[in-house]
Amino acid sequence: MALRSGSVRKAWLSTRCVLSSHRPWNKRDPSSLVEFMTPQRKLIPHGHGDGLRLSRGQHLRLIDPEGGQSGDLFAVSLDGRQRLSNGRTFDFGGTVYLSTGNQLWSDESEPLLTIVADDVGRHDFLYAPCNDDMYRKQYGLTDHRNCFSNLTEALRTLGVAPLPLPTAFNFFMNVDIDANGKLHIRAPKSRAGDSMVLRAELDLAIALSACPAATCNGGGATKPLAYEVF
Ligand SMILES: [Zn+2]
């Protein structure tokens, strides 16, 4: 068997680093969780959120440790003047199915984040974050954990005004649009260990939520997510 040339080997390693430099988390094998949770990696417990700052040029990897779990991402420039906008993203990208090469734009028509790698290839940017009203009116549930509260709490901890909160980017959420325009929420396509990587185009405050809506996550118990910055 021919050996790879040095340059090819280097390129292969570089691509692998961006796409999947991690071993999947197998729930039946506790040692895999230890290996999965590298020092750079942070876990978002199921149904909860987290906030972080991302400097221009830094990368954020969003990871589905167990598979089949979606999350919400909201971004705002650190100066507070530019907030994530699905409408502007559709204006400039021309598609509702965003993946590698697409950018997430602000309400001031500047890119906030660029998707540079994506194992999953299906995300939603149409649905508003789940909130108290949704769980009460659609499911008769009260005091349910929700992405709206997770995101606004995370923004407050970062010193960013949380409201108004526009539509978040629902990474790994799988929504089909049929020929009549009807929306169909499917189970996420993400498998254990899948991830996507976004590059910051401005200094950003980022809020994340591991969505607690069973409907968006295959109908069963919801699961954690993880992320890392590099
Ligand atoms: Zn949610």
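Nothing in this text is a laboratory measurement; each read-out follows from the coordinates by a stated rule. Worth saying up front: this structure is predicted, and the values here are computed from it rather than measured. Every residue, glycine among them, receives a Cβ derived from its backbone with ideal geometry; neighbour counts consider all protein chains shown.
Results, tabulated for the structure shown:
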{"quantity": "Peptides 210-219, 38-47 ordered by average Cβ neighbours within 10 Å, highest first", "calculated": "210-219, 38-47"}
{"quantity": "Cα→Cβ-extended label distance, 7 Å offset, between Gln40 and Leu158, nm", "calculated": "2.0 nm"}
{"quantity": "Coil-residue trypsin sites (Lys or Arg not before Pro) of the range 131-230, DSSP, other Cβ within 10 Å capped at 13", "calculated": "Lys182"}
{"quantity": "Nonlocal amide H pairs with Asp194, under 5 Å, H built at 1.01 Å", "calculated": "Asp64"}
{"quantity": "Shape of the range 131-181, Cα gyration tensor, a/c cut at 1.5", "calculated": "oblate"}
{"quantity": "Pair Phe92, Glu110: separation of 7 Å Cα→Cβ label points (nm)", "calculated": "1.0 nm"}
{"quantity": "Electrostatic dipole magnitude of the range 24-229 [Cβ: Lys, Arg +1; Asp, Glu -1; Cα centre; debye, to 20]", "calculated": "300 debye"}
{"quantity": "Where labels lie 7 Å past Cα in the beta-carbon direction, separation of Ala221 and Arg53 in nm", "calculated": "3.7 nm"}
